[in-house]
């Protein structure tokens, strides 16, 4: 017989999955032959699974992926893309996050950089790492506003603690000196502390010119390039064209 007070207490303690499983067990004959330990184990397992799933959904929501359905399994290995499948799969273990190393994904517009980056981000979420996806123009705007409102240190702390930061549209256009200084703050705070994925149309050799001021450029590149894995996406046909997307 179900004790309503017990169910109420479980809900008050936010143990809704345990409450649901308890009701199911007491209402069904199929559990009557199980021992107390077996039945209690099933109740705990259900609550644990619910909480893990809720945590995963929360991580994905907070990451704000451009492609929240992206997955490593769905990456297309067309011959002209010249992707190293072995490297792609090795990186999907998230060992680079444990190593606190970076990943640079290079390719022309429409080559699928953002999709692959989001696929790695989704994999990181499934390993329960906090992830954040953002375009560099949006990041620079956010930092500029934070400086003006006196929240710069608070925003920097948020970007420092995320396990994997994905910066898309990396250095598409030249930076102002103030933007380069803000970018150095981000890069420095994460150097050897957390992993970052950089999606760029340009190889690192071309970043120096985009950053501008020599000292800042040297400092930023020194903290990114030397401990990064690199993926180069080739391809005579863009992924937009392959998939019939016109925009």
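The values are calculated or read from the model by the stated rules, or taken from the named source; none is laboratory data. Only a predicted model underlies this, so the values are computations on that prediction, with no experimental measurement involved. Please note: Cβ atoms are built from the backbone with ideal geometry, for glycine as well, and neighbour counts cover all protein chains shown.
Quick notes
- Some residue of segment 162-175 being over 25 Å from residue 64 (Cβ atoms), under 22 Å from the mean Cα position of the chain (by Cα) and surrounded by fewer than 16 Cβ atoms within 10 Å (Cβ to Cβ): no
- Among the residues of segment 35-57, those identified as exposed (fewer than 14 other Cβ atoms within 10 Å of the Cβ) and either farther than 20 Å from residue 13 by Cα or assigned by TED's automatic domain parsing to the domain that holds residue 128 (or both) are 35, 36, 37, 38, 57.
- Residue in segment 225-235 that is in the same structural domain as residue 91 (by TED's automatic domain parsing), surrounded by 12 or more Cβ atoms within 10 Å (Cβ to Cβ), farther than 16 Å from residue 139 by Cα and over 23 Å from the mean Cα position of the chain (by Cα) present: yes
- Segment 92-148, residues that are assigned to a loop (DSSP other than H, G, I, E, B) and surrounded by 21 or more Cβ atoms within 10 Å (Cβ to Cβ): 111, 112
- Failed criterion for residue 108 (all others in (1) in contact (Cβ under 8 Å) with a residue 12 or more places away in the chain; (2) touching a helix residue (DSSP H, G or I) at 6+ places or on another chain (Cβ under 9 Å); (3) on the phi < 0 side of the Ramachandran plot hold): (2)
- Among residues of segment 181-222, those that are surrounded by fewer than 17 Cβ atoms within 10 Å (Cβ to Cβ) and either within 13 Å of residue 167 (Cα to Cα) or not assigned by TED's automatic domain parsing to the domain that holds residue 162 (or both), counted: 1
- Residue within segment 27-34 that is in contact (Cβ under 8 Å) with a residue 12 or more places away in the chain and not assigned by TED's automatic domain parsing to the domain that holds residue 210 present: yes
- When segment 62-91 is filtered for residues that are surrounded by 15 or more Cβ atoms within 10 Å (Cβ to Cβ), closer than 26 Å to residue 223 by Cβ and more than 13 Å from the chain's Cα centre (by Cα), the ones remaining, listed by number, are 88, 91.
Residue by residue, here is whether (1) farther than 23 Å from residue 125 by Cα; (2) free of Cβ contacts under 8 Å to residues at least 60 places away in the same chain holds:
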| site | (1), (2) |
| --- | --- |
| 19 | yes, yes |
| 40 | yes, yes |
| 70 | no, yes |
| 82 | yes, no |
| 92 | no, yes |
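- Residues in segment 189-206 that are in contact (Cβ under 8 Å) with a residue 60 or more places away in the chain and in a helix (DSSP H, G or I): 204 alone.
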